[in-house]
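Have a look at this one before I ask anything.
The values are calculated or read from the model by the stated rules, or taken from the named source; none is laboratory data. Predicted model, so just to flag it, every value in this text is computed and none were measured. Cβ placement follows ideal geometry from the backbone for every residue including glycine, while neighbour counts extend to all protein chains displayed. For the accessible areas, the whole protein counts, side chains as well, though only heavy atoms, and no ligand, DNA or RNA atoms are used. Shrake-Rupley method; radii C 1.70, N 1.55, O 1.52, S 1.80 Å.
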Amino acid sequence: MTSSAQLITSDRPQEVGTTIQTTCCYCGVGCGVDAQVQDNQVVSVSGTQAHPANLGRLCVKGSSLHETQRSPDRLLTPMLQGEPTSWDTALDYAAQKFQAIIAEHGPDSVAFYLSGQLLTEDYYIANKLMKGFVGTANIDTNSRLCMASAVVAHKRAFGGDTVPGCYEDLEQTDVLILVGSNTAYAHPVVYQRIARAKELRPEMKIVVIDPRRTATCEIADIHLPIKPGSDAFFFNGLLQYLAQHGHTDVDYIAAHCNGFDEALAVAAEQVPTPEAAAEVCEVPSGDIEHVYRLFAAHEKVVTVFSQGVNQSSSGVDKGNALINCHLATGKIGKPGATPFSITGQPNAMGGREVGGLANQLAAHMGYDNPASIERVAQFWQAPNMARDEGLKAVDMFDAIHEGKIKAVWVMATNPAVTMPDAGKVREALQKCDLVIVSDCIGNTDTAKLADVVLPASTWSEKHGTVTNSERCISLQKGFLSPPGEALHDWQIIMRFAEKLGFGEQFNYRHQVEIFREHAALSALDNNAEVALRGFNISALADISEQDYENLSPIQWPVTPESPEGTPRLFADGQFYTADGRARLVPITARLPVKTPLPNQVIMNTGRIRDQWHTMSRTGTASKLLGHVDEPYIDVHPDDVARFGLLEGDLAMLKNRGSVYYGRVKPSASQRVGEVFVPMHWNGKYAASSCADALVNPYVDPICGQPEFKHSPVMIKPFRQAWNGFLICSQDIRPECEYWAKITLDTGYKFRLAGGESLPCWRTWAHAQFPEISDWVTVEDSDHQFFRTAGFVGGVLQVMFSAATDKKSAPEMRWLEQQLGQATDASGRFAILAGIPDAGVEDEGAMVCSCFQVGEKTIRKAISDGCDSVEALGNKIKCGTNCGSCIPELKAMLR
Amino acid sequence: MSKSKQTLLIVGNGMAAGRLLDELIKRDISGFEITVIGDERQGSYNRIMLSPVLAGETDVPAIIGKPSAWYRDRGIRFVSGVQVKAIEREQKCVLTTEGNRLRYDHLVLATGSRPAKIPAKNQQLENIYSFRTLRDVDRLLNVARFHDKHGRKTDTDALVIGGGLLGLEAAYGLALKGLRVTLVHRSGWLLNRQLDKAAGTYLQRVLESKNIHFMLSDEVERFTGSHELKAAEFKSGRSVSCKLCVIATGITPNKELGLTAGLQGDRGVSVDAYMATSDTSISAIGECVEFKGATFGLVEPIWHQCTTLAERLCNNIKRPFENSPVPTKLKVSGVNLFSAGEFITTDEHRELLYCDDQAGIYRKILLRDNRIVGAVLFGDARDGQDYFSMLQEKRDVSDIAQYLLMGRAFYAASSDEPAAA
Ligand SMILES: Cc1cc2nc3c(=O)[nH]c(=O)nc-3n(C[C@H](O)[C@H](O)[C@H](O)COP(=O)(O)OP(=O)(O)OC[C@H]3O[C@@H](n4cnc5c(N)ncnc54)[C@H](O)[C@@H]3O)c2cc1C
Ligand code: SF4
């Protein structure tokens, strides 16, 4: 095997001032990005005009890509048990232990947990190594947490995991239904495109179905605030309505669908009328019928669904219930007519393509077909082909917790924060014999629990393909060299494979070789005679390195028949099932597993606009936190009153022994009895505001996706003894019951609050920064407030302000800007005040020291008419005490 | 001599007398025949400025506000270098030590005060001085000028007794002249009548940097030497050899003249709010008086006394004197301190405290019912006057409490407009 120096063949350090076309790494919209590179740094970014996903647009996350690149927490060398070490030592340790565990407990005692951040090539070889060579299908990804329901729903309906439509459909449709999809925040550029389309064609109807009145509702004609989890009832009702009123496409059903009658029978029985739907969904039946009528009356209908539907214990069924309606009316495969599942992560789709999930095999082949297993094993020349499905995310971490899985490799994700019942996941990782983490950041909550941490490359360094929500494959370009000893994930996996003894089968020299292999596999026996699969990029199987480097965005399938890609599938009514017909699945709608007790509310979790997942990247750009900078809880005003909460105060949610602290935001957009919390905060950004830790580990029985959107939790006010904020140049973990970290351009800001007892603030603050000795302090014996600022070499390092009531110092930007600045003694007053000197004029040289009257004031009094020492004394008091300044006053009067 | 004129006799020609003359002249003195008798040789001078004179920051002529010609030009009789021994109230005249009698229609006592005595033995020795008059300063400057010619090796050049304002200013002046100075103070911290311990300690730190050594919580028991001062022995048992000593431990009002004449009084000559003593023909002003049990040591209230008395004598207007608190300042360059009102924190106070050790800035404000009752500032005294006005106005400061210590620039802003971002 070659050395790492030779391995890095795709890194192309760029000349001064080049523009690189790449993609955004933040969400599943998959926008094309033009990055301006100078001196081995991205200096600015803009949207790629020609990219079909965004056509030049970028959202606020995307446009700050260049600001989030230089992370102070960047991991530069491999770490073994917390100590820096060499790649060889780290990988030898990891591989030997991995092998020993397999030798003793069998291949199913090891697992990989991947992420939608990985590039397709990374995914592909990780999947190949585990399923073909290690011999286990224990490989799952965090896409499980957002996408798994849709994957299964697609498979059940279409015979393959395929999104039929493309983004243009969202613009070209006449009725756009967004279900459980806060597009405005989760898929900003898609939202922008919809908003623009609505502007151009106001007659286009937009319906939002979401328990919350989300920001997306801004552009909606109708918002149905349905009871959480009642989506499938709504769509069953719709199917029944369509059938009852003769709006189904009988010919289409006859020609292309199976299962219509069965599906209708179940739906009609469960939800016979719009009134019945209204009862379960808890919205007026008139509104429901109105939407039903819209669906029925228009040819062009698009139903967009994402997390709100997927993250549920019946997510698959919900997906099929809505797809049923499209199939029954033939509203699929046509411009402006399709069900549209939209993904969260930038390359969740890529992971689905390669089969990087425990219940998939590879390249859209599944474990349900023994012939497929054989085909893949042959293709890979796999010595240890895994023959059965592996454990899905939640089960995987349960198995770790139970000691059944003894080694896990976590790649580019942070399950200690994002998994449901995250506290238990931490426990599991603590127990696990071997935890390997590869990540670009060295101090994620998960990495802290790892034995081996491997430095990986990140956006701007990584080089390979990604696929967005509309099946569009783009090249995410690497144009900077990874810092320190960081390597690309595929390189890391390859070196690990070599240590395991599979060096021969894993000796790719360039990403394109992996890509070609994947393309070839996608084409293998992919025909109607054997088993037609949606994912087919056979036309790219022989792509040259140069063409790969210049790959234009292209939507799969890419076959000899459609070399330019395929924007829409199923136009011909041909599906990927054995008989080529789509299947309507009979759905018995179910409500969420747990119903809340009287002292509980239902917790729903989701994103805020400007943060991305667990903030490990976006958390470092202060601009992004300007929007919402602290964990919060959206609560209906009635609940605010019912639970004795106060706007802006802290409240706590409790479940499963975990607590979520957040600021109370009364919001009429919230349904009574339900709260919404953002999912982004974790142990690096807050003391205890990790929403996912409270989520019950109930999963969809079919796909294993957890029920993130519906957790009954206890809610009560957090009775704080004090509150405050702390700004400092260095990142710390304040010892405090509540804190939330906010990244500033100059350092960090923490909002703090403490429970029952009042600490000695001075001792507390100074103990957080033992290295600082130069402190300025303001104390109040009544403990109404406290302030202190710490300096090193006259430069402001820390400012802490606390109060027992709500009178904290104003948190002005000005104060934040003083961090890292040198100040004089009077500047220190300003810092402790938290506001700049309000411009009380400089007095000039002191003349009357008894009354502190300066030269400027005296000169002004003279020009205002004081013509004698007495007059001056009467007006501004100078010279009226000891009189020693009278000679000077006289001189000034002359 | 026109019969209608009243004979106004002023005994003592210090700062109060000088100011009273100014106030009378400002009004109308045509109805008076004015005589001033003072036992100091000079006309009224600015005693406050003795400290800067000692420190060499100004010179003697600059502080003599009223040379003899000043009196002559205004038709005021000035009897200088003469001491009054007694008042003969029945005859309405005073008796000088030389045996002369001077008649009065109205008599004003402005005899000021003298340095307080300390209990130490052998105070009669040569080179032990007080710090009150121009003559004291002359003599000190003289020894200071020649101190290095006294060949004797001593622990310190000058010993200053008393860590109050006077003592500190004396020590500072001498140190500036190049003398090695040791200051002895009975209390545990400097300016213990004006500052709390923290501020006193800050002050000490600054003065130590100006070459003054301190012996706190100690007292001189005796001086030793044959007729020239050689050393001082302390209660603690320590002994310090020195060339000169300045005693500045406090002042004692010159009340005896009045009290022997039968005027009422205790610590000083008692006056009412119009500066009248128990004899309606006799008034008193300045440091020799006692008003509602209080005596005086700073000029500001004395100025008000002078206005009150002048109003009454010239215009027969009764404008009562009010004894309002006076803030403390120290005339040592580079030392900024301010103290007003209460300064020792008790359980009844709400205390607001600002500490900047590095910059040597300390500020303490004491509140009762959210009103300022005291302020101690060290290192940056700029806002003292403002706090003092609020103290006098009894302003409720609860709304600006958290900005108060940072000074006007901030609490003014915070109360005008709630801090725009
Ligand atoms: C060095 C020094 C620094 C000071 N600094 C300050 C300061 O910064 N701020 C402040 O407010 N105050 C200060 N003071 C105090 C201030 O000088 C006095 O408060 C003020 O001088 C009092 O005025 P007076 O007229 O009552 O007394 P004096 O000024 O002492 O005048 C009394 C005069 O009466 C004379 N006299 C006494 N008895 C007789 C008699 N029987 N017959 C004839 N004459 C007599 C005395 O010799 C003296 O000349 C300072 C004092 C000193 C000594
Ligand atoms: S919409 Fe998604 S892909 Fe596009 S710029 Fe924003 S975060 Fe990046």
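Could you list all residues from region B:80-129 that are near ligand 1 (Cβ under 9 Å from one of its atoms) and polar (S, T, N, Q)?
B:Gln83, B:Thr96, B:Thr97, B:Thr111, B:Ser113
Say we look at region B:367-414 and pick out the residues that are among the acidic types (Asp, Glu) and more than 11 Å from chain A (Cβ to nearest Cβ); which of these is surrounded by the most Cβ atoms within 10 Å (Cβ to Cβ)?
The selected residue is B:Asp396.
Residues that are assigned by TED's automatic domain parsing to the domain that holds A:Ile125 and away from ligand 2 (no atom under 16 Å from the Cβ): list the strands (runs of 3 or more DSSP E) wholly contained in region A:428-495 that include at least 3 such residues.
Per the criteria, A:434-439, A:452-455.
Which ones in region B:331-347 are facing chain A (nearest Cβ under 10 Å) and open to solvent by less than 40 Å² (accessible area, probe 1.4 Å)?
B:Phe338
Might you let me know whether region A:401-409 holds any residue that is basic (Lys, Arg), over 19 Å from the mean Cα position of the chain (by Cα), open to solvent by 20 Å² or more (accessible area, probe 1.4 Å) and closer than 30 Å to A:Leu76 by Cβ?
yes
What number of residues in region A:808-827 are at pLDDT 85 or above and open to solvent by less than 10 Å² (accessible area, probe 1.4 Å)?
The number of residues fulfilling the criteria is 1.
So, in region A:763-787, how many residues would count as being of a type outside the set (Phe, Trp, Tyr) and at the interface with another protein chain (Cβ under 9 Å from one of its Cβ atoms)?
The qualifying residues number 11.
Quick grid of which residues meet (1) touching a residue at least 40 places away in the same chain (Cβ under 8 Å); (2) under 29 Å from B:Gln385 (Cα atoms); (3) away from ligand 1 (no atom under 14 Å from the Cβ):
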{"residue": "B:Asp218", "(1), (2), (3)": "no, no, yes"}
{"residue": "B:Thr224", "(1), (2), (3)": "yes, no, yes"}
{"residue": "B:Glu256", "(1), (2), (3)": "no, no, no"}
{"residue": "B:Gln264", "(1), (2), (3)": "no, no, yes"}
{"residue": "B:Glu287", "(1), (2), (3)": "yes, yes, no"}
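Right, another one. Conditions first: (1) assigned to a strand (DSSP E or B); (2) within 16 Å of ligand 2 (Cβ to nearest atom); (3) modelled with pLDDT under 85. A:Val43 passes all but one, so which condition is the exception?
(2)
Here's a follow-up. Name the single residue, out of those in region A:54-64 being more than 7 Å from ligand 2 (Cβ to nearest atom) and not polar (S, T, N, Q), that is modelled with the lowest pLDDT.
Across region A:54-64, the extreme among qualifying residues is A:Val60.
For B:Asn142, indicate whether it is outside the structural domain of B:Glu351 (by TED's automatic domain parsing) and either under 19 Å from the mean Cα position of the chain (by Cα) or surrounded by 15 or more Cβ atoms within 10 Å (Cβ to Cβ) (or both).
No; evaluated as a whole, the condition is false for this residue.
Here is a follow-up. Return yes or no: is A:Gly28 within 16 Å of ligand 2 (Cβ to nearest atom), surrounded by 18 or more Cβ atoms within 10 Å (Cβ to Cβ) and not assigned by TED's automatic domain parsing to the domain that holds A:Gly747?
Spelling it out, A:Gly28 is indeed within 16 Å of ligand 2 (Cβ to nearest atom), surrounded by 18 or more Cβ atoms within 10 Å (Cβ to Cβ) and not assigned by TED's automatic domain parsing to the domain that holds A:Gly747.
Evaluate the following for A:Cys866: is it modelled with pLDDT under 75 and either within 16 Å of ligand 2 (Cβ to nearest atom) or not polar (S, T, N, Q) (or both)?
Here the answer is no, as A:Cys866 does not meet what is asked.
Which strands (runs of 3 or more DSSP E) does region A:708-818 wholly contain that include 3 or more residues that are of a type in the set (Phe, Trp, Tyr) and either without any contact (Cβ under 8 Å) to a residue 24 or more places away in the chain or more than 27 Å from A:Leu653 (Cα to Cα) (or both)?
Once the strands (runs of 3 or more DSSP E) in region A:708-818 are filtered for at least 3 residues that are of a type in the set (Phe, Trp, Tyr) and either without any contact (Cβ under 8 Å) to a residue 24 or more places away in the chain or more than 27 Å from A:Leu653 (Cα to Cα) (or both), what remains is A:785-792.
Looking at A:Ala157, is it buried (at least 24 other Cβ atoms within 10 Å of the Cβ) and either at pLDDT below 90 or among the basic types (Lys, Arg) (or both)?
Judged against the criteria, A:Ala157 is not a match.
Counting only residues that are open to solvent by 30 Å² or more (accessible area, probe 1.4 Å), of a type outside the set (Lys, Arg) and either away from every other protein chain (no Cβ under 12 Å) or not in a loop (DSSP other than H, G, I, E, B) (or both), how many does region A:869-884 have?
Within region A:869-884, residues that are open to solvent by 30 Å² or more (accessible area, probe 1.4 Å), of a type outside the set (Lys, Arg) and either away from every other protein chain (no Cβ under 12 Å) or not in a loop (DSSP other than H, G, I, E, B) (or both) number 3.
Here is a further query. Restricting attention to region A:422-456, which residues are polar (S, T, N, Q) and surrounded by fewer than 24 Cβ atoms within 10 Å (Cβ to Cβ)?
If the condition is that a residue be polar (S, T, N, Q) and surrounded by fewer than 24 Cβ atoms within 10 Å (Cβ to Cβ), then A:Gln430, A:Asn443 are the ones that fit.
Next up: Taking into account only those residues within region A:852-868 that are more than 26 Å from B:Leu337 (Cβ to Cβ) and open to solvent by 20 Å² or more (accessible area, probe 1.4 Å), which is farthest from the other protein chains (Cβ to nearest Cβ)?
A:Ser863
Okay, moving on. Could you check how many residues of region B:348-366 are more than 9 Å from chain A (Cβ to nearest Cβ) and assigned to a loop (DSSP other than H, G, I, E, B)?
Of the residues in that region, 1 qualify.
Go through region A:50-143 and tell me which helices (runs of 4 or more DSSP H), entirely inside it, have 1 or more residues that are within 15 Å of A:Val408 (Cα to Cα) and open to solvent by 30 Å² or more (accessible area, probe 1.4 Å).
Here the list reads A:87-105.
Conditions (1) within 13 Å of ligand 1 (Cβ to nearest atom); (2) open to solvent by 60 Å² or more (accessible area, probe 1.4 Å), marked per residue:
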residue	(1), (2)
B:Thr7	no, no
B:Gly14	yes, no
B:Leu20	yes, no
B:Leu24	no, no
B:Ile29	no, no
B:Glu40	yes, no
B:Arg47	yes, no
B:Pro61	no, yes
B:Asp73	no, yes
